[in-house]
Structures are given as structure tokens and as C-alpha cells.
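Before any comments, here is the structure.
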Amino acid sequence: MKKKFTHTLIFCMVACGLGYAFYRFYLKDTKTTEVSSPILSLTDKLHTLINNTSMKQEETIPVSSPAITEADFTISPITEEIKARINGKSYKADCTIPYEELRYLTLYYVDFNGVIQKGEMIVNKAIAQDVVEIFYALYTAKYPIEQMKLVDEFDADDEKSMAANNTSCFNYRTIAGTTRISNHAKGLAIDVNPLYNPYVRSNSAGETEVLPANGTPYVDRSQGFAYKIDTNDLCYQEFIKHGFSWGGAWNYSKDYQHFEKK
Ligand SMILES: [Zn+2]
């Protein structure tokens, strides 16, 4: 009788031990020790697993894409404030383009130091949406652009703006050295990183002229260098995709910085 009792006691102790071990096994890693049901603890474990998985997915999203979306690339009419900035500069007294035909854009870009910058541009309303889509694609690809200010910040002096490698569009002016109205005057042409992508042409004396003058080291397009626009370049491809033509493909002169849509 006593032996049987001892066997029963040992059996109970082993059963309790196994039960406890089973209990601990399912509760291990769960946050609370108050859960008594193994089913509940399993549910908890599942939730923990799902939460951990979704957190891991978030962690793998590249932090290089901040909260700037295409919606931050804005198109606005020319306000009184903008008029005050451009009047008598890029918008000259004899300007034949009504303000209603122009739009002020806010565009983001990645500069030469890899830093996100807010740029601005005035363009013809006919190309405003194209320009937003092109520069959003360049932004997401981290295409380097040195600066993007209104040409008015350079007294509407095209040479000064180009020499500072400023990317811009609207400027009511003639084509340099001629009396013909430039497509920039209509807001239908954009110059990108102009210092590294100069305008090269022959003047009336048959001499080669480089605009801007400090872009001379970048006239030889057979050499490789940073910020060079050629047919393999993303900027070129985006503009062409949106129906623009490229000055680098002209026959009698080469304007490597220049994209226009007529
Ligand atoms: Zn141009």
C-alpha cells in the first residue's frame, strides 16, 4: 500500500514537472506571465511574430526616401509676390507672354553633396505637368543638380546663371547673339547643369564660342566627367520621354544643357 502511494506520488511529481515544462515552453518569450491558457499564449506568440515581421519590413525600407512625394512638387499661378520678384528682370517691360501663360513650380532635387534641396522654376503652363513629372523622376533617382533658382537671382543674366551652374527655364530674352526670341522667353526651354553642359557654337567670325565661358573644359564630350548629359543620361531620357528635344542633337551648334518643347 505504501509502495503504491510512493509510485502515485512520483507519478504526480513527474506529471506536474512535465506539465510545468510544457507550460513554460509555450510561455517563453511572451510578455506576460499571467496568461494561463496555452491557446491564449499561442495567440500571443503569433501576434508577436506578426508584429516582429512587420517591424522588420519597415526597417528594410530605405531611409533615403523621406516624406517628399510628387504632391510636394507644386504648380501655381504667378502671384503678386512672384511678379514683384521677376518684373523688370526675367519678365521685362516688353514681355509678350502674359502672366496667365506662366506657372511657378516648386521642385525638389538632390544637390552635388547628396542633400535634398527645394528648387523653384517658372515655366509655360503647357509644359508644367511634364516638368513636374521629369524632375520628380530625377529626384527619386537622386540625379545630381547643383542649384535651381529663378534666373532673377542672377539679375536675369543668362551668362551669370549658367556660370553658377543654375538649372532654370523662363527668361524673356533673345537667343544669345541674335535678335530672335528664345524658347526660354516662352518658358518652353529648360537648361540643366549648364556649366558642365555648355552651349557651343561658331560665331560670325567662325570662332568657337562657349557659353558659359567657364564651361570650356566640358566642350569635349568624348571625355568622361560627372554631370555630363548625353543620350545615356537619365535627364536626357526623361525629357525625351515627355516629348522634348535636346540641344545636344542640333547640327550647327550644340546646346548640351538645353531641352525644349514646341
Ligand atoms: Zn537653353
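See the values below:
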{"quantity": "Residue match in the stretch 194-214 (condition: touching a helix residue (DSSP H, G or I) at 6+ places or on another chain (Cβ under 8 Å), within 26 Å of Glu101 (Cα to Cα) and buried (at least 16 other Cβ atoms within 10 Å of the Cβ))", "calculated": "yes"}
{"quantity": "Subset tally (residues that are at pLDDT below 95, farther than 14 Å from Glu260 by Cβ and either near the ligand (Cβ under 9 Å from one of its atoms) or of a type outside the set (S, T, N, Q) (or both)) for the stretch 178-199", "calculated": "0"}
{"quantity": "Some residue of the stretch 221-237 being exposed (fewer than 15 other Cβ atoms within 10 Å of the Cβ) and either within 22 Å of Phe170 (Cα to Cα) or among the aromatic types (Phe, Trp, Tyr) (or both)", "calculated": "yes"}
{"quantity": "Selection within the stretch 132-151 - among the aliphatic types (A, V, I, L, M), under 12 Å from the mean Cα position of the chain (by Cα) and assigned to a helix (DSSP H, G or I)", "calculated": "Val132, Ile134, Ala137, Leu138"}
{"quantity": "Elements of type strands (runs of 3 or more DSSP E) in the stretch 164-262, at least 1 residues being aliphatic (A, V, I, L, M) and under 21 Å from Met148 (Cα atoms)", "calculated": "189-191, 208-211"}
{"quantity": "Considering residues of the stretch 218-257 that are over 16 Å from Tyr136 (Cα atoms) and either touching a Leu at 6+ places or on another chain (Cβ under 6 Å) or among the acidic types (Asp, Glu) (or both) only, the residue farthest from the ligand (Cβ to nearest atom)", "calculated": "Asp220"}
{"quantity": "Val132 being within 15 Å of the ligand (Cβ to nearest atom) and closer than 19 Å to Cys235 by Cβ", "calculated": "no"}
{"quantity": "Residue count for the stretch 135-156, restricted to those that are within 25 Å of Cys95 (Cβ to Cβ) and either of a type in the set (A, V, I, L, M, F, W, C) or surrounded by fewer than 17 Cβ atoms within 10 Å (Cβ to Cβ) (or both)", "calculated": "8"}
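The values are calculated or read from the model by the stated rules, or taken from the named source; none is laboratory data. Predicted, not measured: the structure shown is a model, and the values here were computed from it. Backbone-built Cβ (ideal geometry, glycine too); neighbour counts: all protein chains shown.
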